[in-house]
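*Asks:* Questions regarding the structure given below will be posed in turn.
The values are calculated or read from the model by the stated rules, or taken from the named source; none is laboratory data. Every value quoted in this text rests on a predicted model; they were computed, and no experiment measured them. Ideal geometry is used to build each Cβ from the backbone, glycine not excepted, and the neighbour counts take in all protein chains shown.
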């Protein structure tokens, strides 16, 4: 009888499955990180492009004569209700608030006060130049409650003018009201506001030589109205 020869002995090698599992896991992590980074960047872009502000002003006169002119003991208070509309998925915080108000200077316009006419801010139109006296101008860092993501918030600030606090400015406004009462014309105001809002979770650029896009990526800036002082 022929003796049966033994067949080939199978060789048992190391499986490649663990390597492929690690590669697949690493790829999934990269995809998740890329998606998260893209979503993070998109949320900042939405804040930069979609946030807007709505200012509302109220002028309150206390201590006026029957004809509407301001008395020596009167006060003028201008209140600003600033609403921040935030459709983005980022929380915002107001960092800087600047606001100014001018009243049209009738006496200077008519040539009755040449000193103020030379110093007033001007609004140049197609047919005439109008003269405006700057009643107030404030620029300050503020600390308010944050504006929620996909929401809105309204912030209140005010400026009060009295003769005791600022006699030269008060006397100018009083003179303007006396002229308006004498000629029977209403007072015309011009307002301007500028607001900077930081975007939560976005660090500011650490170097002043960074690219302009990096210097402004951490905040939103909005301006409403005409700044006659520029």
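*Asks:* Of all residues in region 199-230 being closer than 30 Å to residue 189 by Cα and in a loop (DSSP other than H, G, I, E, B), which is modelled with the lowest pLDDT?
*Replies:* 230
*Asks:* Something else: Of these, 183, 173, which one is at pLDDT 90 or above, surrounded by fewer than 13 Cβ atoms within 10 Å (Cβ to Cβ) and within 21 Å of residue 74 (Cβ to Cβ)?
*Replies:* Going through 183, 173 in turn, the sole match is 183.
*Asks:* Another question, if that's okay. Within region 86-108, how many residues turn out to be closer than 18 Å to residue 128 by Cα and either in a loop (DSSP other than H, G, I, E, B) or touching a helix residue (DSSP H, G or I) at 6+ places or on another chain (Cβ under 7 Å) (or both)?
*Replies:* Of the residues in that region, 5 qualify.
*Asks:* For region 79-124: of the residues being within 31 Å of the chain's Cα centre (by Cα) and free of Cβ contacts under 8 Å to residues at least 24 places away in the same chain, which is surrounded by the fewest Cβ atoms within 10 Å (Cβ to Cβ)?
*Replies:* Among those residues, the one meeting the criterion is 124.
*Asks:* Taking region 138-148, which residues are surrounded by fewer than 16 Cβ atoms within 10 Å (Cβ to Cβ) and either in contact (Cβ under 8 Å) with a residue 60 or more places away in the chain or over 14 Å from residue 195 (Cα atoms) (or both)?
*Replies:* The answer is 145, 148.
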